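The values are calculated or read from the model by the stated rules, or taken from the named source; none is laboratory data. In this text the structure is predicted, and so the values were computed from the model without any measurement. All Cβ positions, even for glycine, are placed from backbone atoms using ideal geometry, and neighbour counts span all protein chains on display. For accessibility, only protein heavy atoms count, side chains too; no ligands or nucleic acids. Shrake-Rupley method; radii C 1.70, N 1.55, O 1.52, S 1.80 Å.
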Amino acid sequence: MSEIESAWGRYPGYAIDLVPWSGRGRATFNGTVVAESDSCLIVKESDHQDQLYFPMDDVAWEHFTETELHTVCPFKGQADYWSLSVGNETRENVVWAYRQPFSEVAGLEGHVAFYTDQVQVALLEEVVEDDDVVAYRFPVWGTAADLARLIDVVPDGDRRFTSPSFPDPPLGTFIDLPDDRRPRQVIEGGQLLGQAIVAASKTVPDQRVVSASMVFTRAARFDSPLAVEVDLLRQGRTYSTVETRIVQHDKLCSVGLVLLDGGAEDVYRVTAEMPEVPDPLDCPLRDFQVIGRDIRVVDGAYNFDPDDVGPPELFVWMRYRDRPKGPAMQAALLAQATTHYTIGASMRPHRGITEALAHVTLSTGPMAVDIAFHDEADVSDWHLYENPAVYAGRGQVQGQGRIFARDGRLVASYSVHAMVRSFDTEPNQIGGFTSAM
């Protein structure tokens, strides 16, 4: 190790954080668990994707053979490698360890990590209230708290709000990932909608957001901060109207109108009935790689199986395990998921076409969304998203959705106008692949 030169002194801004994972980690290959531990480390490193490190004592070493490969990281030291064999399948040099790491990352000693494109790595979390275990593919996007922090824009001058990059600082160029594993650095439209709702509510704090409309004019990237510019078009005792413009690098990404209401009693009430679907705990989990946000899809219908066809609709249960403060954040988090499912619903009747093709051979994304908030919501309880696609053709998809509380109340309704077109350009020329949120 003394012959390996450390770069820590030359790059004072470089960072490697070793974060203990509170749940379990599991690595699986060819159907066999090859490592599982309650003492894993999530290693967050500048310009690199997160890695999950397992204690060596929790690895099934009978499946591994040490190789002659050694590499050097100027911030961690020399890495030694092993190949993995289970049954008739073998992968060369898929696990590595820093047996004598530099002192700055001494906690890596006695741990190994796997290439996640070769070995299936997951974080496991026990959900006590459901008596269940949730598995998240690793690397995860982040946590529900991360998403809430991005949506909860902060004041930055007169009628201007900002949201940071994610992660902050951003991961940079993902230099350690092959082209087909680099996430497309694009923010989901639902996040921008949620940010507009929060900015409008903070501009007129004594009124409730009752509807929001947004047109997405340009893709926004998650590796740079966003500015939300607010124009209070009219403030009245009954209704107020706020225009939002979300800007990144002085380029317009979206324009929105938010309507706020001073409140009134019922004159009369009409409400749509909640569809009859299984209870959320009777539906399979769907991993969107956001820890602390649970998603369960009726009949497991939102999947990448090209042979699983059905009607152009999706029914999805969702909840956040921690309740955010304030009705505006409740509404914003409720709205954030409205752009998730319309395109997937439109694909269901067509064999061989799934969301797996999105950002690969198909250019997809929401172009406009409208949402109206009807009743109070508590996003820490389950809500059902009813997502029928009512039209698909000419490169367009239209959906009409409803959101019901678990007790049957209609809390919101929305419409989504989206785009589905064949790529004219290779995906890696416009940012690569998208990451789920």
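One table, with the values for the structure above:
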{"item": "Any pair with Cβ under 8 angstrom, 6 or more apart, that starts in the stretch 231-243 at a residue that is closer than 17 Å to residue 198 by Cβ and ends at one that is exposed (fewer than 13 other Cβ atoms within 10 Å of the Cβ)", "result": "240/234; 241/233; 241/234; 242/231; 242/233; 243/231; 243/233"}
{"item": "Subset of the stretch 194-220 (residues that are open to solvent by 70 Å² or more (accessible area, probe 1.4 Å) and touching a residue at least 40 places away in the same chain (Cβ under 8 Å))", "result": "202, 206, 208, 215"}
{"item": "Members of the stretch 378-405 found to be farther than 27 Å from residue 420 by Cα and surrounded by fewer than 20 Cβ atoms within 10 Å (Cβ to Cβ), listed by number", "result": "378, 380, 381, 382, 405"}
{"item": "Unique match (being crowded, with 17+ Cβ neighbours inside 10 Å, over 14 Å from residue 293 (Cα atoms) and of a type in the set (Gly, Ala, Ser)) among 148, 97, 106", "result": "97"}
{"item": "Count - residues of the stretch 311-327 that are open to solvent by 20 Å² or more (accessible area, probe 1.4 Å) and either touching a helix residue (DSSP H, G or I) at 6+ places or on another chain (Cβ under 6 Å) or over 22 Å from residue 274 (Cβ atoms) (or both)", "result": "8"}
{"item": "Within the stretch 34-91, considering residues that are surrounded by 14 or more Cβ atoms within 10 Å (Cβ to Cβ), without any contact (Cβ under 8 Å) to a residue 24 or more places away in the chain and of a type in the set (Asp, Glu), the one farthest from residue 140 (Cα to Cα)", "result": "80"}
{"item": "All strands (runs of 3 or more DSSP E) inside the stretch 34-146 with 2 or more residues being modelled with pLDDT of 95 or more", "result": "41-45, 51-55, 64-73, 77-86, 89-97, 111-114, 120-127"}
{"item": "Hits in the stretch 299-336 (condition: basic (Lys, Arg) and either part of a loop (DSSP other than H, G, I, E, B) or farther than 22 Å from residue 130 by Cα (or both))", "result": "321, 323, 325"}
{"item": "Options 353, 430; residue that is of a type outside the set (Asp, Glu), open to solvent by 30 Å² or more (accessible area, probe 1.4 Å), at pLDDT below 95 and out of contact with any Pro (no Cβ under 8 Å at 6 or more places or on another chain)", "result": "430"}
{"item": "Residues of the stretch 280-298 satisfying the condition of being open to solvent by 60 Å² or more (accessible area, probe 1.4 Å) and outside any helix (DSSP H, G or I)", "result": "284, 285"}
{"item": "Subset of the stretch 242-278 [assigned to a strand (DSSP E or B) and open to solvent by less than 40 Å² (accessible area, probe 1.4 Å)]", "result": "242, 244, 246, 247, 248, 253, 254, 256, 258, 260, 261"}
{"item": "Residue 293 touching a residue at least 60 places away in the same chain (Cβ under 8 Å) and over 15 Å from residue 401 (Cβ atoms)", "result": "yes"}
{"item": "Condition met for residue 104 (closer than 19 Å to residue 283 by Cβ and in contact (Cβ under 8 Å) with a residue 24 or more places away in the chain)", "result": "no"}
